[in-house]
1. Mind checking which residues of region B:158-206 are more than 18 Å from B:Lys102 (Cα to Cα), of a type in the set (A, V, I, L, M, F, W, C), more than 14 Å from every other protein chain (Cβ to nearest Cβ) and in contact with a strand residue (DSSP E or B) (Cβ under 6 Å, 6 or more places away or on another chain)?
2. Give me the pairs, please: first residue somewhere in region A:345-364 and within 17 Å of A:Glu409 (Cβ to Cβ), second residue anywhere and among the aromatic types (Phe, Trp, Tyr) and open to solvent by less than 10 Å² (accessible area, probe 1.4 Å), beta-carbon distance under 7 Å, and either six or more positions apart or on two chains.
3. Please find, within region A:259-291, the residue that is farthest from the chain's Cα centre (by Cα) out of those that are more than 15 Å from A:Lys41 (Cα to Cα), touching a residue at least 40 places away in the same chain (Cβ under 8 Å) and within 13 Å of chain B (Cβ to nearest Cβ).
4. Looking only at residues that are over 12 Å from A:Gly267 (Cβ atoms) and of a type outside the set (A, V, I, L, M, F, W, C) in region B:58-74, which one is most open to solvent (accessible area, probe 1.4 Å)?
5. I'd like the residue in region A:299-347 that is away from every other protein chain (no Cβ under 14 Å), hydrophobic (A, V, I, L, M, F, W, C) and assigned to a helix (DSSP H, G or I) and, out of all such residues, is nearest to A:Ser93 (Cα to Cα).
6. Do we have any residue at all in region A:201-216 that's outside any helix (DSSP H, G or I) and surrounded by fewer than 24 Cβ atoms within 10 Å (Cβ to Cβ)?
7. Within region A:170-198, how many residues are away from chain B (no Cβ under 14 Å) and part of a helix (DSSP H, G or I)?
8. Any idea which of B:Gln161, B:Gln175 is assigned by TED's automatic domain parsing to the domain that holds B:Ala135, open to solvent by less than 20 Å² (accessible area, probe 1.4 Å), within 18 Å of B:Thr138 (Cβ to Cβ) and of a type in the set (S, T, N, Q)?
Amino acid sequence: MLNFASVVERAFSGPICTERDFELGIFVPNLRRVVEKYAIKYDPQSPVPADDDLADRVWQAGIEFLAETGVYCLDTERRILFSREEIETALKSGPRGSILGEGEDAKAMPRRFPEDETPPWCSVGPTSVPVSNEWNYINLVKGNAENPLADSITIPCLTNVDGRQIVGGSPLGIEGAIRAVLLTREGMRRAGRPGMPIVNGVTTATRSQEHIAAHHFGLRRTDALEIGTIHEMKIDFDSMNKVAYSLAAGSLIFAENGVILGGLAGGPAGVAVVTAAYNPVDLLILRGVVQHPFPTHFDLGVTSARDTIWARSLANQAVTRNSSLPVVNVGYSAAGPMTKMLLYEHSAWVIASVVSGGSVEVGASARGTALDYTSPMEPLFGSEVAHAVAGMSRKEANQIVNALLEKYESKLRDPPVGKKYQECYDVATGKPSQEFIELYREVRREMADQFGLELPPSSPYL
Amino acid sequence: MPSEALYQRLSEAIISGDRNKLLAIVEEALREGIAPSDIIERGMSPGMREVGERFARYEIYLPEMMMAAEAWEGAMKVLEPRLLEAGGGQKRVGRVVLGTVKGDIHSIGKNIVGAMLKMSGFEVFDLGVDVAASAFVTKAEEFEADIIAASALMSTTIPQQRSIIEHLEARGVRQRYCVLVGGGSATQEWADSIGADGYGRTAGDAVALALKAVGKG
């Protein structure tokens with residue numbers, strides 16, 4: 001595979017163009033052309049499509065689009081271009097079966113295929129939801145690490161250091177990133193799972209220097225730094241600096257791509273194609289061991305809408321049928337904790353992801369932005385659903401996802417806000433309220449009665 | 001009516017975001033003696049309204065909005081001098097300085113807001129991303145803006161929205177501008193806590209707030 005130094009060189013020597021010309025003169029027309037050429041059409045009735053030929057056309061469209069478009073470097077205002085041969089070589093020589101975690105918690109990241117019976121990797125945690133204090137932070141990590149189906153932790157975002165609001169790029173950013181890692185390690189130790197990997201190191205960090213600082217205070221080589229592309233098909237030196245550091249330190253990378261539905265990629269068809277095109281970008285530029293996609297609706301701010309679920313499902317199928325780089329899907333739901341709607345939303349995007357070949361990271365509630373609106377209960381439920389549907393046909397999954405969407409999609413704009421962590425959990429014991437346990441049990445029964453989904457019996461709340 | 005057909009073609013050129021085609025039709029309309037104000041109000045403006053409505057129905061997305069806005073701006077460069085000659089001028093709803101705060105490089109949400117503001121008749125100066133608090137203030141003064149709109153996606157960058165308000169206060173010009181905040185990490189609670197004048201979760205919210213701020217909402 002083309003080495004990273006060569007990629008950096010291309011950032012300095014590739015064709016010059018303005019950002020506007022890249023967006024409207026290159027990206028948009030190239031994308032429109034391949035979407036039309038490969039006849040990629042959104043079907044709202046099939047949020048989980050089951051058409052292998054369509055999935056392969058999305059893949060072909062994505063590769064063609066990437067080869068013609070390249071990736072725009074914001075710092076040099078140049079396009080980093082890759083030939084088809086370089087893309088194909090990267091796909092053949094990408095990482096396989098990376099081991100994350102240590103000791104009893106070490107595990108190989110599985111490559112999965114559509115309708116695969118292989119259990120999905122389940123990362124659990126607040127997924128960047130901001131948290132107001134360190135006590136909640138440790139409790140949230142501990143509660144998520146106690147999930148028997150959890151393979152890794154997705155850590156929350158600490159918002160202050162000793163009462164001072166964290167500002168990215170400042171010394172508070174450095175201290176916040178370090179503290180986030182130390183608190184996470186402590187939370188996992190309390191849960192009796194000290195070897196669990198962190199896969200979104202480090203949410204609290206904004207800049208590369210903060211990632212690097214955090215890495216020196218407790219991140220391990222078997223954790224993953226989360227490094228993302230910029231909307232859309234863009235990169236900057238700060239992100240490339242994170243990659244350079246990770247490669248030097250021998251650290252793993254979760255390569256993140258959140259294509260905006262309604263943004264430059266346009267509608268669901270464009271989003272599916274661009275998400276697929278990111279897969280080789282994640283190998284060549286971000287040097288990832290995992291593709292970490294979350295197509296997000298521009299207006300609703302979620303990944304649980306019908307059109308984003310379709311784009312995610314189809315992109316997953318395109319990628320997992322054609323690339324060995326595993327996919328771990330991230331989800332952002334609209335409703336807050338301790339609501340039925342949040343459990344329905346998580347279930348819908350999790351089912352679509354898993355039957356389409358992906359693993360999952362559950363999960364952000366209240367759009368991932370409301371302070372303390374997160375709990376370990378929904379990630380537990382989401383990971384149970386993920387295991388229950390491994391091996392399910394896409395056709396059956398489509399029926400369930402359609403039924404789930406009918407339960408909540410009309411409320412996505414104004415969802416129930418739910419409860420803050422400290423309102424639905426006992427902060428002293430770190431345990432959910434009885435009312436919350438009853439709600440969880442009720443929706444588990446619904447999943448069994450309405451959809452025949454038998455969730456694993458490993459739950460501590462049965 | 002031949003003019004009606006021309007207005008229709010002007011509108012269609014805006015909707016398709018075809019800047020060159022729009023310019024050609026504008027020139028043709030001027031040659032036929034149609035008043036610049038009619039070209040705008042009876043031809044181009046209905047096209048812009050249609051673009052906004054299609055966007056609201058999720059039928060078109062950011063690229064179409066950006067191209068329509070660029071086509072509009074290109075045509076206005078031709079029409080504005082003619083309007084001035086005729087003793088008129090372009091009717092601007094208000095002026096907005098827009099940007100993503102320092103340390104944050106996310107642009108899509110900001111760009112959607114910018115395009116929708118232009119569609120609604122605002123003159124928009126887009127400072128881009130990673131913009132220092134002082135730059136918002138300096139540009140607002142130069143541009144004689146009515147509104148400063150600041151976007152921040154991350155919880156570690158929203159403190160920069162407060163910094164803009166602090167810079168306005170330090171220069172003694174806080175009351176001159178309506179400060180609107182938005183972006184993934186902002187909330188109404190946050191906006192209230194920093195003394196912002198409004199919070200928009202969506203681009204549509206931002207435009208409604210902006211129109212209200214200039215007395216048009």
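The values are calculated or read from the model by the stated rules, or taken from the named source; none is laboratory data. What you see is a predicted model; the values in this text were computed from it and never measured. Virtual Cβ from ideal backbone geometry, glycine too; neighbours counted across all protein chains shown. To get the accessible areas, we keep the full protein, side chains included, count just its heavy atoms, and leave off ligands, DNA and RNA. Shrake-Rupley method; radii C 1.70, N 1.55, O 1.52, S 1.80 Å.
1. B:Cys178
2. The qualifying pairs are A:Glu345/A:Tyr408; A:His346/A:Phe381.
3. A:Leu264
4. B:Glu73
5. Once the filter is applied, the top-ranked residue is A:Val319.
6. yes
7. So the answer is 10.
8. None of the others qualify; the one that does is B:Gln161.
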